[in-house]
Amino acid sequence: MSINRPTESELKDRINNHLNWRARSDVVALLWRGYLAGLLEWGAIEINVYDRLVALLPVIGVKETHELFADEPLSAERERELDEYLANLKE
């Protein structure tokens, strides 16, 4: 059985369309973060593709995505690091 993997370009177009249809809603961002996380976890996309596609999304659910990948809650130290990172994104 062969599986057709989505290309970065196809995913980028789908993400941008969905964000435009829904005025960059948080719900759309969270849906795509989860979808992309699944694609990455199952080896359907590479980490560099994941990083570029996630950068298209509104900044929401970052901490929760890290917990998803780690399969554990964030440590206090890691949460502080992410808070710093997210604060720098807003500047």
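Rule-based calculations on the coordinates, nothing more; no lab input. Predicted model, so just to flag it, every value in this text is computed and none were measured. Note: ideal-geometry Cβ built from the backbone for every residue, glycine included; neighbour counts use all protein chains shown.
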Does Ile15 qualify as being surrounded by 15 or more Cβ atoms within 10 Å (Cβ to Cβ), part of a loop (DSSP other than H, G, I, E, B) and either of a type in the set (Val, Ile, Thr) or in contact (Cβ under 8 Å) with a residue 60 or more places away in the chain (or both)? no
Determine which single condition Leu57 fails, assuming it passes every other condition in (1) in contact (Cβ under 8 Å) with a residue 24 or more places away in the chain; (2) in a helix (DSSP H, G or I); (3) surrounded by 12 or more Cβ atoms within 10 Å (Cβ to Cβ). (2)
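When the residues of the range 38-54 are filtered to those that are in contact (Cβ under 8 Å) with a residue 24 or more places away in the chain and exposed (fewer than 15 other Cβ atoms within 10 Å of the Cβ), which remaining residue is nearest to the chain's Cα centre (by Cα)?
Residues of the range 38-54 in contact (Cβ under 8 Å) with a residue 24 or more places away in the chain: 39, 41, 44-45, 49, 52-53.
Retained after the next criterion (residues that are exposed (fewer than 15 other Cβ atoms within 10 Å of the Cβ)): 41, 52.
Details: Glu41: 12, Arg52: 9 Å.
Filtering the range 38-54 for residues that are in contact (Cβ under 8 Å) with a residue 24 or more places away in the chain and exposed (fewer than 15 other Cβ atoms within 10 Å of the Cβ), the one nearest to the chain's Cα centre (by Cα) comes out as Arg52.
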